[in-house]
Amino acid sequence: MPTDITIYLEKGELPAQLDDSATGEAIRKALPLEGTASRWGDEIYFTIPVHLPEAPDARQDMAVGELGYWPVGAAFCIFFGPTPASRGQEIRAASAVNPIGQIIGDARIFKSVADGEKVTLSR
């Protein structure tokens, strides 16, 4: 069953859901989590103390508002538009990420987040 979480930013907050995958469950158990945002195009990511392998459903092509876990960097990722790896308007991660959930609402709020801002995930 999906888990409701809230993503807190310096300029607001947004509800989201973590799916019931093994990766989503591991992140849910680690909540609350706090990190420092890094921007990569229209993606925010930050390192978390969860270390998991690439899942069988890992992929690079993501959707607006999709949440992912990047095994290479042990990072929580929020996708809201094209990245430097994108071709055209597609949303593409640097390498395969485990899809773990979805933002509920308008993911464009993340466009205002700058490198170095605090991001908190909690239930």
* **For Val97, residues with placed amide H under 5 Å, excluding near neighbours** => Arg59, Gln60
* Asked: Tell me, how many Å apart are the Cα centres for the stretch 76-95 and for the stretch 33-75?
  -> 11 Å
* To do: Show which aspartates and glutamates lie in cross-link reach of Lys111 when reach means a straight Cα distance below 15 angstrom and same-chain residues fewer than eight apart are skipped.
  => Glu10, Glu13, Asp42, Glu43, Glu66
* Structure fact -> Over its alpha-carbon atoms, the chain yields an Rg and a Dmax in Å of 12.8, 37
* What does the highest-first list of 14-21, 29-36 look like by mean Cβ count within 10 Å? -> 14-21, 29-36
* Most mobile listed residue (Ile100, Ile78, Ile48) in the chain, GNM with C-alpha springs under 10 Å -> Ile48
* Asked: Comparing Glu54, Glu66, Glu43, which has the greatest mean-square fluctuation in the GNM of the chain with Cα pairs linked when under 10 Å apart?
  -> Glu54
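Each reported figure results from applying straightforward, stated rules to the coordinates on display, with no laboratory input. This structure is a prediction, so every number in the text was calculated from the model and none was measured. Backbone-built Cβ (ideal geometry, glycine too); neighbour counts: all protein chains shown.
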